[in-house]
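Participant: Please see the structure below; I have some questions.
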Amino acid sequence: MNSNRRTFLKTTAAAALGFPAILRGANLNSNLQIAAVGCSGKGLSDITEVGSHARAKYVGFCDVDTSRFDKADEKFPGVPHFQDFREMFARLGETCDAVIVSTPDHMHAFIALEAMRGGKHVYCQKPLTHTVWEARQMRLQAAKSKVVTQMGNQIHSHEAYRTAVKLLRDGVIGKVTAVHSWQPNNGNGYTKLTAPPPSGPVPETLNWDGWLGVAPHRDFAPDVYHPFKWRDWQDFGGGTMGDFACHILDPIFTALGLTAPLSIRAENEGANAQTWPFAETVSYVFPGTALTAGKTVPVTWYDGGHQPEAAIASILPADKKVPKAGSIVLGETGALLIPHYALPEVFPHDTTARVEIEKVPGSSHYHAWVEAALGGPQTTDGFDYAGPLTEAVQLGNVATRLPNETLEWDAAALKITSHPDANRLLTKTYRDDWKIAPVT
Ligand SMILES: NC(=O)c1ccc[n+]([C@@H]2O[C@H](COP(=O)([O-])OP(=O)(O)OC[C@H]3O[C@@H](n4cnc5c(N)ncnc54)[C@H](O)[C@@H]3O)[C@@H](O)[C@H]2O)c1
């Protein structure tokens, strides 16, 4: 990247944010200076993988729980610690080029938008955001700030998904008529709760208010939110769709060039106001593309034990093990099974036909972001792509909160046209001091 432009972007944006308005010196060298937010769980693996690039240098580690730095410190000793990312951004100022966001989902947009407004490149975990509206803001801000972005669905760059994408693009099953994707997890499988449990003492190492961030206040309770189990709760995670749909639908989106759905309808079991349903079927209708047979193409998501039995039975021999998760893509001349994640298999209608699968090599999703930020080839999973993918995924979560209703979607207007009341579910209520301004 042109360092003059980058420096200009950073200094103007930094001034607007109240960051120290100093010209960078240290980061005009050949390294990418990176701060990480969220240092255990997936954050540790993001830090490890990004940090394995020879030109990635950490300048700050931030975690709201100070007991969670130890493993990152073992791998990258001496990196300064912060408990508040806003303080970290302000203190690092221009000595930070890029930010990894690996917090629970409800905080992705707030942190990543602040980083991008400050001119930082961003690697942000999947699902890119917690709401449809936030996904739109992320795409707009990335374009406005002209920063390099990548969503953390790392399997996008794996040989299994790349090979599936190539097979579909090569027309190995002809034009696509339907897609069925599934994942067996229960959307409320970690806590099995439907209401907040009694509160418990906040661990001394944890800034609970910082962990809650944008979310409405609730008391801390042990072993149901932090770490990891926040996924079950509507205020923090996205259930099974939030956890897996940005992975499993990704090769479908990439290969077919899907855009925004025209309509979404969900059926579920175990719906309640606090946690996600334990099983769902979410039916999307997308506009057709050059690779689909019709003017529209149905894409159906199943989780928590719901599965596309008929599609599975139509292509897999009875003695063949059904992958735990994945997709079946039905085409005019055959079907493609895309296990999550192993090499795909082709099932031509002409059972005498032999299909040779040529593997497309994978590469590091993490290094691709570092390389792009250092001026190399563009990422393929930037927010221009990941934003619309996440909008579609989170529209599934809107539909599951209004089951058995067909929601007609006007993507340009960011509006559900068939059900005015549903539009409130495109966004959420932000706590005072944690509001996100729309990108203009
Ligand atoms: N790409 C993948 O394969 C994959 C796998 C697992 C998780 N994830 C995603 O990674 C993210 C983190 O998931 P996890 O399972 O590691 O969660 P986790 O709760 O186990 O870990 C989150 C970490 O972030 C810290 N944290 C929380 N809020 C913070 C804040 N405001 N500022 C700084 N630190 C904060 C926590 O203390 C903890 O160390 C989620 O978005 C999840 O969807 C992706």
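The values are calculated or read from the model by the stated rules, or taken from the named source; none is laboratory data. What you are looking at is a predicted structure, and each value in this text was computed from that prediction instead of being measured. So basically every Cβ, Gly included, is an ideal-geometry build from the backbone, and we count neighbours across all protein chains shown. Side chains included, ligands, DNA and RNA excluded: accessible areas come from the protein's heavy atoms. Shrake-Rupley method; radii C 1.70, N 1.55, O 1.52, S 1.80 Å.
Participant: Do we find that Glu269 is touching a residue at least 24 places away in the same chain (Cβ under 8 Å) and open to solvent by less than 20 Å² (accessible area, probe 1.4 Å) in this structure?
Facilitator: So Glu269 fails the test.
Participant: If I ask for residues that are under 15 Å from Ala373 (Cβ atoms) and crowded, with 16+ Cβ neighbours inside 10 Å, which ones from the range 48-78 would you list?
Facilitator: Glu49, Val50, Gly51, His53, Ala56, Lys57, Tyr58, Val59
Participant: Please enumerate the residues belonging to the range 21-42 that are open to solvent by 60 Å² or more (accessible area, probe 1.4 Å) and either more than 13 Å from the ligand (Cβ to nearest atom) or at pLDDT below 95 (or both).
Facilitator: Within the range 21-42, Ala21, Ile22, Leu23, Leu28, Asn29, Ser30 meet the criteria.
Participant: Give the residue that is nearest to Gly189 (Cα to Cα), with candidates limited to residues of the range 301-330 that are polar (S, T, N, Q) and either outside any strand (DSSP E or B) or open to solvent by 20 Å² or more (accessible area, probe 1.4 Å) (or both).
Facilitator: Gln307
Participant: Quick one: Arg117 ticks every box in (1) among the basic types (Lys, Arg); (2) farther than 24 Å from Ala260 by Cβ; (3) crowded, with 24+ Cβ neighbours inside 10 Å except a single one, so which number is it?
Facilitator: (3)
Participant: If we scan the range 389-401, do we find a residue that is part of a loop (DSSP other than H, G, I, E, B) and out of contact with any Leu (no Cβ under 7 Å at 6 or more places or on another chain)?
Facilitator: Checked against the condition, which is being part of a loop (DSSP other than H, G, I, E, B) and out of contact with any Leu (no Cβ under 7 Å at 6 or more places or on another chain), the range 389-401 yields no hits at all.
Participant: Please pick out the residue among Thr254, Thr275, Thr259, Thr281 that is more than 12 Å from the ligand (Cβ to nearest atom), among the polar types (S, T, N, Q) and open to solvent by less than 10 Å² (accessible area, probe 1.4 Å).
Facilitator: Only one candidate qualifies: Thr275.
Participant: Name the residues in the range 205-251 that are more than 12 Å from the ligand (Cβ to nearest atom) and basic (Lys, Arg), would you?
Facilitator: The one that is more than 12 Å from the ligand (Cβ to nearest atom) and basic (Lys, Arg): Arg218.
Participant: Please state which one of Ser102, Ser45 is buried (at least 23 other Cβ atoms within 10 Å of the Cβ) and small (Gly, Ala, Ser).
Facilitator: The match here is Ser102.
Participant: Still on this model: Check Gly375 against each of (1) of a type in the set (Gly, Ala, Ser); (2) buried (at least 16 other Cβ atoms within 10 Å of the Cβ); (3) on the phi > 0 side of the Ramachandran plot and name the one condition it does not meet.
Facilitator: Just one mismatch for Gly375, condition (2).
Participant: Please give the helices (runs of 4 or more DSSP H) falling wholly within the range 58-129 in which 3 or more residues are acidic (Asp, Glu).
Facilitator: 70-75
Participant: So which residues in the range 344-366 are of a type outside the set (Asp, Glu) and either in contact with a Lys or Arg (Cβ under 7 Å, 6 or more places away or on another chain) or over 30 Å from Lys126 (Cβ atoms) (or both)?
Facilitator: Pro348, His349, Thr351, Thr352, Ala353, Arg354, Val355, Val360, Gly362
Participant: Sticking with this structure for a sec: Return yes when His130 is touching a Leu at 6+ places or on another chain (Cβ under 7 Å) and near the ligand (Cβ under 10 Å from one of its atoms) and no when it is not.
Facilitator: no
Participant: Here's something else I'd like to know. Can you tell me which of Thr131, Thr163 is among the polar types (S, T, N, Q), more than 19 Å from the chain's Cα centre (by Cα) and at pLDDT 95 or above? Even if it seems obvious, please write down each step before you answer.
Facilitator: Working: Thr131 fails: more than 19 Å from the chain's Cα centre (by Cα).
Among Thr131, Thr163, only Thr163 is among the polar types (S, T, N, Q), more than 19 Å from the chain's Cα centre (by Cα) and at pLDDT 95 or above.
Participant: Could you please find all residues in the range 133-160 being within 12 Å of the ligand (Cβ to nearest atom) and among the small types (Gly, Ala, Ser)? Before the answer, list the steps.
Facilitator: Of the range 133-160, the ones within 12 Å of the ligand (Cβ to nearest atom) are 150-158.
Within the range 133-160, Gly152, Ser157 qualify.
Participant: Out of Ala273, Ala266, Ala353, Ala342, report the one residue that is within 30 Å of Leu426 (Cα to Cα) and in a loop (DSSP other than H, G, I, E, B).
Facilitator: Ala273 is the lone residue from the list that is within 30 Å of Leu426 (Cα to Cα) and in a loop (DSSP other than H, G, I, E, B).
Participant: So which residues in the range 43-65 are over 25 Å from Ser363 (Cβ atoms) and within 9 Å of the ligand (Cβ to nearest atom), if there are any at all?
Facilitator: Those that are over 25 Å from Ser363 (Cβ atoms) and within 9 Å of the ligand (Cβ to nearest atom): Cys62, Asp63, Val64, Asp65.
Participant: Here's a follow-up. Taking the options Leu402, Leu389, Leu395, name whichever one is out of contact with any His (no Cβ under 8 Å at 6 or more places or on another chain) and more than 25 Å from Ser145 (Cα to Cα).
Facilitator: Residue meeting the stated conditions: Leu395.
Participant: Which one is least open to solvent (accessible area, probe 1.4 Å) among residues in the range 343-372 that are closer than 17 Å to Ile312 by Cα and in contact with a strand residue (DSSP E or B) (Cβ under 8 Å, 6 or more places away or on another chain)?
Facilitator: So, considering only residues that are closer than 17 Å to Ile312 by Cα and in contact with a strand residue (DSSP E or B) (Cβ under 8 Å, 6 or more places away or on another chain), the one least open to solvent (accessible area, probe 1.4 Å) is Pro344.
Participant: Give me the pairs, please: first residue somewhere in the range 357-380 and under 16 Å from Thr48 (Cα atoms) and in contact (Cβ under 8 Å) with a residue 40 or more places away in the chain, second residue anywhere and open to solvent by 80 Å² or more (accessible area, probe 1.4 Å) and of a type in the set (Lys, Arg), beta-carbon distance under 8 Å, and either six or more positions apart or on two chains.
Facilitator: Val370/Arg55
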